[in-house]
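Structure first, commentary second.
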Amino acid sequence: MTKTHCPYCALQCGMEIGPGLAISPRTDIPANASGALCQKGWTAGELLTNGERLTAPLLHGEPVEWDVALDYVAERLAAIRAEHGPDGVAVFGGGGLTNEKAYQLGKFARVALGTSQIDYNGRFCMSSAAAASIRAFGMDRGMPFPITDLAEADVVLLAGGNVAETMPPFVRHLSGPRVIVIDPRRTQTAKLAWLHLQPTPGTDLALALGMLHLAIADELVDEAYVAERTTGFEEVRTALASWWPERVERITGVPVYRMRQAVRALAAAGNAYILTGRGAEQHAKGTDTVTAFINLALALGLPGRHGSGYGCVTGQGNGQGGREHGQKADQLPGYRKIDDPAAREHVAGVWGVRPEDLPGPGRSAYELLDALGTPGGPRALLLFGSNPVISAPAAEHVAERIASLDLLVTCDFVMSETAALADVVFPVTQWAEESGTMTNLEGRVLLRRQAVAPPEGVRSDLDVIAGLAERLGHRFDTEPVTIFDELRRASKDGLADYSGITYERITAEKGVFWPCPEPGHPGTPRPFLDSFATPDGRARFVPVQHRPAAEETDEDYPVHLSTGRVLAHYQSGAQTRRIAPLVQAAPEPYVELHPDLAEQLDISPGDVVRVSSRRGEAKAVARISDAIRRDTVFMPFHWEGANRLTNPALDPTSKMPEFKVCAVRVERDS
């Protein structure tokens, strides 16, 4: 039996792999200590034996030897860099890559390629919550407390998260507190809640402002906490003057009495948490929305107190670690800013290069994809662990930009929709065929262990990076533990300091929380108990104002579209749509709409429905449900279609696209 972790979401549930790839849950990992796994976890072994796996590099669709493919890519990269400069080559990573891969990818881009053009699909997931946490607390660690703390709370508010479907074992930590859910749909999580607030899509920010207005008006603010541990409250109090509850009710559709019920429950609780998920964050105002919920949490005295706080429910398996060590456009390892001279000097010293030779910040994820093949944009793209033809907003446009490249190289285990467009596809190892660390939604660094040998002809992403680097005149390691030791040195004294963490400690302690600045340090499960990571140690209130969605409904597009996940599938579906039990559970995409809207449009259950936006159209079968608002339809994004419709309008701070709301027209397909 090999002890490891699930290949999917940020819970990183503990599991064991036995003979015949038999999966069983571990009971020593807090995320699923009760022995729980979701359907995706139980069937994870089938990923490794999938009949569609690639086992040889493909060059223009034909199998070739590894050296042939690596030589071809290196020669093309050299030619493109010579003609267009280093930024003529771009790198796009993923939130499912191990810390070692994310670190090595950032180093490869900056040192071997010399390009500033690197970002990753985690920009589409946690970036707004990260930006809001940094400006409020000075540091982003998704949930700055162990997940087991939630069970001890009296009340937990979850804004825009559907954990019952996206990470089911999470729900076991919510069996004790009264749960308040904010979601336009009555999701499986909302059905479990004590109180469900059902706002119009795109109005979460107004709702958070109205709730804080009520907290102030009803004298529920923890004035002693605000005075001792925060700054900026008076500016926020002044900015809230116009957000009286009745105005917020008109904007959001949430009755004032329900807002007041939620606020009073949070204020009366001995211990309470406010959590945000993608529903509140994937907006062109997502950073401000999360900031408004953090302001509410600060006013009630929750963050930095044992048993209470604010947290972001991170989605991707390594969504936390993936954004800490260098595959984001503006960051270096240790959560350092790439334009910070001290950070550049430290990391350059570890890498053995001159600080001035490191490139500066590059384009964010969607901006990078939008620039592909354009004058002044990248002409080549190296893609690791992502499938943007399905997962990016305005996906049809993104596919056109990818098709315009001079060179597309992907690392994948199957022929995903994006890999199908590639000049070169490298077949790479999967979760149980390699070792490496992941950082889960709590900031707990965990160790995945190799349990089985990969198929003949399959290599690690680390081998691909090293093979290309060697051909470009650089030496890169391929052993995960060696790379992790270098990552430890590169992260030292950064916000995300891993320097005291080792594979041995992770094994002995079932995971170690960062920051962990030296070998004898116990790790930091609750980093804000004594002070926040700001210069004065105080959390910052930040005034924000609600604004409408980037695209409002009108006569031509009169309905809101919201997108999200379903229980059986994960991300772009490249993995789960190839596992028979999961396909049987959720075989096809659908459009969920309210009975009143269905009657108005003459749509019956099972009809094929055409959904159109200003960017494209998609077809799917109709599901009629009173769990959704009358003015809204929902589509899951695991299949091709939903993201043809979504709006690439970007948050000005986080560069998060507005996935969660756009205007559409819905029709029965003739």
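Descriptive notes on the structure:
- In region 557-585, the residues that are touching a strand residue (DSSP E or B) at 6+ places or on another chain (Cβ under 8 Å) and under 30 Å from residue 37 (Cβ atoms): 562, 563, 564, 565, 566, 569, 574
- Each residue in region 11-51 was checked for being of a type in the set (Ser, Thr, Tyr), without any contact (Cβ under 8 Å) to a residue 40 or more places away in the chain and open to solvent by 50 Å² or more (accessible area, probe 1.4 Å), and 2 pass.
- Residue 311 falls short on exactly one of the conditions (1) out of contact with any Lys or Arg (no Cβ under 9 Å at 6 or more places or on another chain); (2) outside any helix (DSSP H, G or I); (3) more than 24 Å from residue 368 (Cα to Cα), and that condition is (1).
- The single residue among 253, 319 that is closer than 27 Å to residue 446 by Cβ and not basic (Lys, Arg) turns out to be 319.
- Sole exception among (1) farther than 20 Å from residue 575 by Cβ; (2) part of a strand (DSSP E or B); (3) free of Cβ contacts under 8 Å to residues at least 60 places away in the same chain for residue 447, by number: (3)
- Residue in region 439-449 that is open to solvent by less than 10 Å² (accessible area, probe 1.4 Å), within 30 Å of residue 515 (Cα to Cα) and over 21 Å from the mean Cα position of the chain (by Cα) present: no
- Looking across region 607-641, the residues that are small (Gly, Ala, Ser) and either assigned to a loop (DSSP other than H, G, I, E, B) or open to solvent by 40 Å² or more (accessible area, probe 1.4 Å) (or both) come down to 613, 616, 625, 627, 641.
- Residue list for region 496-505, restricted to those being of a type in the set (Gly, Ala, Ser) and open to solvent by 30 Å² or more (accessible area, probe 1.4 Å): none
- Yes/no for residue 298 being open to solvent by less than 10 Å² (accessible area, probe 1.4 Å), aliphatic (A, V, I, L, M), farther than 17 Å from residue 138 by Cα and in contact (Cβ under 8 Å) with a residue 60 or more places away in the chain: no
- Filtering region 303-326 to residues that are more than 17 Å from residue 161 (Cα to Cα), crowded, with 24+ Cβ neighbours inside 10 Å and modelled with pLDDT of 95 or more leaves 303, 304, 308.
- Sub-6 Å Cβ pairs linking a first residue in region 628-654 that is within 13 Å of residue 618 (Cβ to Cβ) and among the hydroxyl-bearing types (Ser, Thr, Tyr) to a second residue that is modelled with pLDDT of 95 or more and not in a strand (DSSP E or B), at least 6 apart or interchain, are 646/393; 646/659, ordered by first then second residue.
- Yes/no for residue 477 being of a type in the set (Asp, Glu), open to solvent by 40 Å² or more (accessible area, probe 1.4 Å) and under 30 Å from residue 239 (Cβ atoms): no
- When region 537-556 is filtered for residues that are in contact with a strand residue (DSSP E or B) (Cβ under 7 Å, 6 or more places away or on another chain), open to solvent by 40 Å² or more (accessible area, probe 1.4 Å) and assigned to a loop (DSSP other than H, G, I, E, B), the ones remaining, listed by number, are 538, 550, 552, 553, 554, 556.
- Any hit, region 559-574, residues being open to solvent by 40 Å² or more (accessible area, probe 1.4 Å), in contact (Cβ under 8 Å) with a residue 60 or more places away in the chain and touching a Pro at 6+ places or on another chain (Cβ under 9 Å): yes
- Residues in region 511-520 that are surrounded by 17 or more Cβ atoms within 10 Å (Cβ to Cβ) and in a loop (DSSP other than H, G, I, E, B): 511, 514, 515, 516, 517.
- Residue 484 assigned to a loop (DSSP other than H, G, I, E, B), in contact (Cβ under 8 Å) with a residue 60 or more places away in the chain and within 22 Å of residue 350 (Cβ to Cβ): no
- The set of residues in region 190-218 that are assigned to a helix (DSSP H, G or I) and surrounded by fewer than 21 Cβ atoms within 10 Å (Cβ to Cβ) comprises 191, 192, 216, 217.
- For beta carbons closer than 7 Å, sequence separation of 6+ or different chains, a first residue in region 420-440 that is without any contact (Cβ under 8 Å) to a residue 40 or more places away in the chain and a second that is among the polar types (S, T, N, Q) and open to solvent by 10 Å² or more (accessible area, probe 1.4 Å), the qualifying pairs are 428/460; 429/460.
- Residue within region 519-534 that is under 20 Å from residue 4 (Cβ atoms) and of a type in the set (Phe, Trp, Tyr) present: no
- Condition broken by residue 493, with the remaining ones in (1) in contact with a Pro (Cβ under 8 Å, 6 or more places away or on another chain); (2) open to solvent by less than 40 Å² (accessible area, probe 1.4 Å); (3) part of a loop (DSSP other than H, G, I, E, B) satisfied: (2)
The values are calculated or read from the model by the stated rules, or taken from the named source; none is laboratory data. This is a predicted model, so every value here is computed, not measured. Every residue, glycine among them, receives a Cβ derived from its backbone with ideal geometry; neighbour counts consider all protein chains shown. The protein model used for the area step is the full one, side chains on, heavy atoms only, and it has no ligands, DNA or RNA in it. Shrake-Rupley method; radii C 1.70, N 1.55, O 1.52, S 1.80 Å.
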